[in-house]
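Quick note: the coordinates plus some simple rules give every number you see, no bench work behind them. On a predicted model such as this, the values are computed, not experimentally measured, just so you know. Because the Cβ atoms are built from the backbone with ideal geometry, glycine has one as well, and the counts that use them run over all protein chains shown.
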Amino acid sequence: MRYISTRGGMPAKKFSEILLSGLSPDGGLAIPESYPQISAAELETWRDLGYQSLAFEILSRFIDDISANDLRAIIARTYTAEIFGSQEITPLKTLEPGLHILGLSNGPTLAFKDIAMQLLGNLFEYTLEKTGDKLNILGATSGDTGSSAEYAMRGKHGIRVFMLSPHGKMSRFQTAQMFSLQDDNIFNIAVRGVFDDCQDIVKAVSNDHKFKISHQIGTVNSINWARIVAQIVYYFKGYFAATQSNKEQVSFAVPSGNFGNICAGHVACMMGLPIKHLVLATNENDVLDEFFSSGVYRPRSTAETKHTSSPSMDISKASNFERFVFDLVDRDASQVVALWQNVEQGNAFDLSSTPHFAKVKDFGFISGSSNHAARIKTIRETYQRYNVLIDTHTADGLKVGLACREPNVPMVCMETAQAAKFAESITEAIGHEPARPAGFENLEDLPQRFVVKDAQAKLIKDYIEEQCKST
């Protein structure tokens, strides 16, 4: 298995070579030269596998430069009942026949991103032990990526984490979960702006190749392919849990901001998983829904990006969307370069009149959007009808998923986080605060450690340099 760039300017590389690098040297994203194909016979043998065994079967198709024994050991260390609450790792919650929620929020930070981030932390540690190198991780978060990354990397030898977040834009729980960490290798930077400003800084630093090399900069955002490949596993697991045989199809409803989670579903589909539809759900920041409805991709400015009650989706430039568009334009890197030149100049691109947009439905994508009133109503009705409490992002997914539900096709909504992380909205929906999981009772009262910076890449680079000299 070798990896190329969506923009065509990177020689084919092994998995371990792209693991630590983040953006490709040409500014594109790493993607497999081709997706592994899973036969019907293989799919049948996978149906009854436990999570660890299934993860090995899938990950080993994408990672062939780590020995089978070492990869099995990394997976065994990552996906444990102690870390994720049960051997199932991603248990399926059935609301009613044909309607399910895939439980993805049982990790250390109560969010779906733990599933990939815990693996990423162990892969980083394994690789750095082999090379003796150090790694300075630069990441951006709109809410959950930051805490998932920090909890996965805290205390790991040879790794520092510099995490950018939009100042004052996360929930109080999300903010406290990150900023209360006191580990010497964790650095939280609150940026005056929105998530897209943070993400732009990460890309700007990654594109400064001299700085990136001299300061050993890597990334944990979903521009890192290892994040995507780890998430592919639970699409297969969710499919098997929601069906009786591999002759059935399933639709997945996916709350979407940066397109990482649903990109993993797209790859699973391309591998041969029988997916009927990938239902993309946005909040009021509906850039992606606009594209799948109209063919126009029009990223919004900082001023246009809305602060909502599903803040992890308050994103107007979806990084992983580039990977999907690469497939959509028949893997023509020159077209991707031309399209993203428009995006990087603050403009839109329009594929509506091209043959490419007509293929969106062939890939199984449909979309819809939600808003505050709809998500509060969905939380309330789900609690009243099924006695299941969901967070605001999952509510967006479920709302759009229900609108797209078809007879005899199971609908599986991907859970984003536990409701406790968004207590204010939950209280509005059901009249009382959600229960806090053990260990999180007084989180917001803990002392917090962070710095505030303007949204300028130079300021962030200066801060990284300063900390690297002093620690």
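The stretch 241-283 and the stretch 1-63 have Cα centres lying 17 Å from one another.
Please label the shape of the stretch 170-221 as rounded, prolate or oblate, based on the square roots a ≥ b ≥ c of the eigenvalues of the alpha-carbon gyration tensor (a/c under 1.5 means rounded; beyond that, a/b larger than b/c means prolate, else oblate). The shape class here is oblate.
Extending 7 Å from the Cα toward the beta-carbon at both Arg298 and Glu441 defines two label points whose distance is 5.1 nm.
With Cα atoms defining each centre, the stretch 361-431 and the stretch 89-162 are spaced 23 Å apart in the structure. Computed from the alpha carbon positions, the gyration tensor of the stretch 325-418 leads to an equivalent ellipsoid with semi-axes of 35, 17, 11 Å, biggest first. Kindly identify the chain as rounded, prolate or oblate by the Cα gyration tensor criterion: order the square roots of the eigenvalues as a ≥ b ≥ c, call it rounded if a/c is under 1.5, otherwise compare a/b with b/c, prolate if a/b is larger, else oblate. Taking the square roots of the gyration eigenvalues as a ≥ b ≥ c, the chain is rounded.
Helical runs (DSSP H, four residues minimum) scored at -39500 (n - 2.57) apiece and divided by the length of the chain put the mean residue ellipticity at 222 nm at -13000 deg cm²/dmol.
Cross-link reach is defined here as a Cα-Cα straight distance under 22 Å, omitting same-chain residues fewer than 8 places apart; for Lys237 the lysines meeting it are Lys93, Lys113, Lys247, Lys276. Taking GluC sites (Glu not before Pro) in DSSP loop conformation with at most 13 other Cβ atoms inside 10 Å as exposed sites, the chain has its longest uninterrupted site-free stretch at 34-303.
Does the stretch 109-221 come out rounded, prolate or oblate, given a ≥ b ≥ c as the square roots of the eigenvalues of its C-alpha gyration tensor, rounded meaning a/c under 1.5 and, failing that, prolate meaning a/b above b/c?
Working: a/c = 1.93, a/b = 1.23, b/c = 1.57.
Oblate, since a/c reaches 1.5 and b/c is not below a/b.
Remark: spin-label model distance Lys134-Ala373 equals 5.5 nm, labels positioned 7 Å along the Cα→Cβ axis.
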